[in-house]
There are 2 protein chains.
Amino acid sequence: MARVFNFSAGPAILPEEVLRQAREELLNWRGSGLCVAEMSHRDQEFVSIAEQAEADLRALLAIPDSYRVLFLQGGASSQFAMVPMNLLRGGDQADYLNTGSWSKKAIAEAKRFCAVEIAASTEDARFTRAPTQRELNLSSEAAYVHYTPNETIEGVEFPFVPETVDIPLAADMSSTLLSRPIEVSRYGVIYAGAQKNLGLAGLTLVIVREDLIGRPLAGTPAMFDYKTHADAGSMYNTPPTYAWYLAGLVFQWLRCRGGLAAMATINERKAGALYAAIDTSGFYANPVEPACRSRMNVPFTLADPGLDQKFLTEAKAADLVTLEGHRSVGGMRASIYNAMPEEGVRALIAFMQEFERRYG
Amino acid sequence: MARVFNFSAGPAILPEEVLRQAREELLNWRGSGLCVAEMSHRDQEFVSIAEQAEADLRALLAIPDSYRVLFLQGGASSQFAMVPMNLLRGGDQADYLNTGSWSKKAIAEAKRFCAVEIAASTEDARFTRAPTQRELNLSSEAAYVHYTPNETIEGVEFPFVPETVDIPLAADMSSTLLSRPIEVSRYGVIYAGAQKNLGLAGLTLVIVREDLIGRPLAGTPAMFDYKTHADAGSMYNTPPTYAWYLAGLVFQWLRCRGGLAAMATINERKAGALYAAIDTSGFYANPVEPACRSRMNVPFTLADPGLDQKFLTEAKAADLVTLEGHRSVGGMRASIYNAMPEEGVRALIAFMQEFERRYG
């Protein structure tokens, strides 16, 4: 059996070229006689891999010198605590935008550490849109503002970057980072689990403005203090070396394909075609306001939920896998990260149309 | 160039059979059309991989049902905080044995959370031995006792398990877990970074007695609460799936080789031969008391430190790599974990003897 098209929301599809290179190098990285996973993180060979990965990421995102890039562990769920622990900086209040399942998790965790003010919520609209800038009720007392630019489960994406004036903006970019260019200087801290657009689960990227580092909350474990990792070049303890290496391969793959502007064009084309297929059918539906639809995660429902299981079974038989929606919302979800080729989206659309023709 | 013998202390050598299987399955795990790293952690295929890994680990270590096995992130350095955060349970004091560099790190971190009493220290002996049971000055007020059964940097291993009566014993087994059978019921919590005997850096194993779970310190992040992970089968958030899979391959490899009793015999033979070569030479030396010498990490010095660089260069030319001692102690260190074949130790000994013949 050949490779399939994998629409998993994360861990997610990896570029086949990257997997082939990893396989080629698995037992012997460039004549070293070692798998990268076997190298000491202090060895010059691994250090060069690590530095190249950071340089490539900085080039892809045009990260200003005043920002540190940290290669950490623990996922976005750890950042839900690390953001307040590091960004409160003497304050006791933070603003959060409540726009979906991942916002809610970030909010619940932040409440352990400070007063959380909900500066906007789209829960009344069942998370089918993002708030507008004018709807944001930001407080000048907030130590920072936190939001989730792309809600992986609901498939809602902000069409703008919230303006917070001088208050640092913290963004959980797990399911959108590297899908298109961003202006890093608009943010205080950006974080992302790697298992969507960056590589292996177990690596967490943090891009943080230097002046926000170094005033952790009392009782912060060393491993949750950004300064610990910034001072040590992300090698305070053993980093997830193999995941770091694989992220580096993904960054090189992105640069070879023309960088993030080129990816944005492809991603818009993929998402546009899939949403068009949904909207023009009488059988599939997506509830999200068109301007706020995610380019990475496309949830959709069938007119008859009784057909869901048949849809999944036949899709799998057609080599289109992991299309079930998140258990909290049901229906289907197609995640179409950078590594999903346009051919995969076309195959999904063709399958959907044929399924509708037969059962719709 | 072929594979080399890699004596790195961690990340460390992996069994070649495991790497070959990983390579074979990299683009297509058992006909799934997916790399394991691309599977959703909620998918039945990954769940079966995860469950099999835990079952194999439980079989290898004969883990009682009253213990939970957690597949976490963050390394031993995160456990340095998680142990006090979870095991203090209303107490404000813990006993620590100070036996080397890793003990010292655990102690420094624990001081953020409680009063640390040093129940024994071998610092006066420059960490060249373990304390005896009679030297332990344990307090009945301690919430737990923490020690490091094998000090990776100094090459010191406890020849006994400290008796703490009813006080839970916490052990950083990063560089010894799976090297030989242990009696899990002697411990309250055992933890280990995976990058020595278990697989990839980025996975951290925790084996914890059930009754110690569920009373975290106020202000403990959800991700640092053992209960979070125990309740969710280590899938509260996305676990490091590829590292979990690879650890499973290592566990199967160990079972195929006869389990931990068989490994202990091989490991004693490897360490015995290497220490004998050191002791019978007039050129190499190891300062550790013979009864306390590590079976996993063998530090040694050359009679003339001016020859260190030449030793390393010529060793590398002979395909014997990563032999430099830790920067804090200098000299050489040969880490000879499970995955190091006896042939590798024989090759190192032959090289050492030839080097001594030429330069000694």
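Bear in mind that the values in this text are calculations on the coordinates, not laboratory data. Model, not experiment: these values are computed from the prediction. Virtual Cβ from ideal backbone geometry, glycine too; neighbours counted across all protein chains shown.
Of note:
- Ranking B:GLY31, B:ALA50, B:VAL184 by Cα position along the charge dipole of the stretch B:18-256, where only Lys, Arg, Asp and Glu carry charges on their C-beta atoms, puts B:GLY31 farthest toward the positive end.
- Ordered by the number of other Cβ atoms lying within 10 Å of each residue's own Cβ, fewest first, B:CYS35, A:CYS114, B:CYS256, A:CYS292 fall into the sequence B:CYS256, A:CYS114, A:CYS292, B:CYS35.
- Calculated [θ] (222 nm, deg cm²/dmol) that DSSP helices of n ≥ 4 give over the protein assembly as shown, each run adding -39,500 (n - 2.57): -11000 deg cm²/dmol
- Farthest toward positive dipole pole in chain A [+1 Lys/Arg, -1 Asp/Glu at C-beta], among A:SER174, A:LEU19, A:VAL116: A:LEU19
- Each of A:ILE207, A:ILE336 was scored by other Cβ atoms within 10 Å of its Cβ. Arranged with the fewest first, they read A:ILE207, A:ILE336.
- Charged-residue dipole, Cβ positions (Lys, Arg, Asp, Glu), the stretch A:258-359 about Cα centre, Debye nearest 20: 120 debye
- Counting only the Cα atoms, the stretch B:97-193 fills a convex hull of 99 Å³ per residue.
- Taking every full run of DSSP H in chain A, the ones that stretch at least 15 Å from end to end by Cα along their long axis and average -1.0 or higher on the Kyte-Doolittle scale are A:44-61, A:75-87, A:241-256, A:259-280, A:342-359.
- When Rg and the Kirkwood radius Rh are both evaluated on Cα atoms of the stretch B:238-360, their ratio Rg/Rh stands at 1.03.
- Mean shadow area of the protein assembly as shown, taken as a quarter of the surface of its Cα convex hull (nm²): 30.5 nm²
- Cα-based Rg of chain A normalised by 2.2 N^0.38 Å, two decimals: 1.01
- Think of each Lys and Arg Cβ as +1 and each Asp and Glu Cβ as -1; about the Cα centre, that makes the dipole of the protein assembly as shown roughly 660 debye.
- On a per residue basis, the convex hull of the C-alpha atoms belonging to the stretch A:1-106 measures out at 189 Å³.
- At 7 Å out from Cα toward Cβ: B:GLY214 inter-copy label distances (nm, ascending): 4.5
- Shielding score for A:21-29, defined as the mean number of other chain Cβ atoms within 10 Å: 4
- Between copies, the label points of B:GLY330, set 7 Å from Cα on the Cα→Cβ line, lie 7.1 nm apart, reported in increasing order to one decimal in nanometres.
- Per residue of A:4-14, other chain Cβ atoms within 10 Å of the residue Cβ number 5 on average.
- Report note on the peptides A:166-178, B:346-358: ranked by the mean count of other C-beta atoms within 10 Å, highest first, their order is A:166-178, B:346-358.
- Tensor-based shape of the stretch B:309-360 (alpha-carbon gyration tensor, a/c under 1.5 rounded, otherwise prolate or oblate): oblate
- Restricting attention to the protein assembly as shown, close to 55% of DSSP beta bridges with both partner residues there are antiparallel.
- Distances between copies at B:ASP319, taken between label points 7 Å from Cα along the C-beta direction, are 3.9 nm in increasing order.
- Across peptide B:105-111, the mean count of Cβ atoms from other chains lying within 10 Å of each residue's own Cβ comes to 1.
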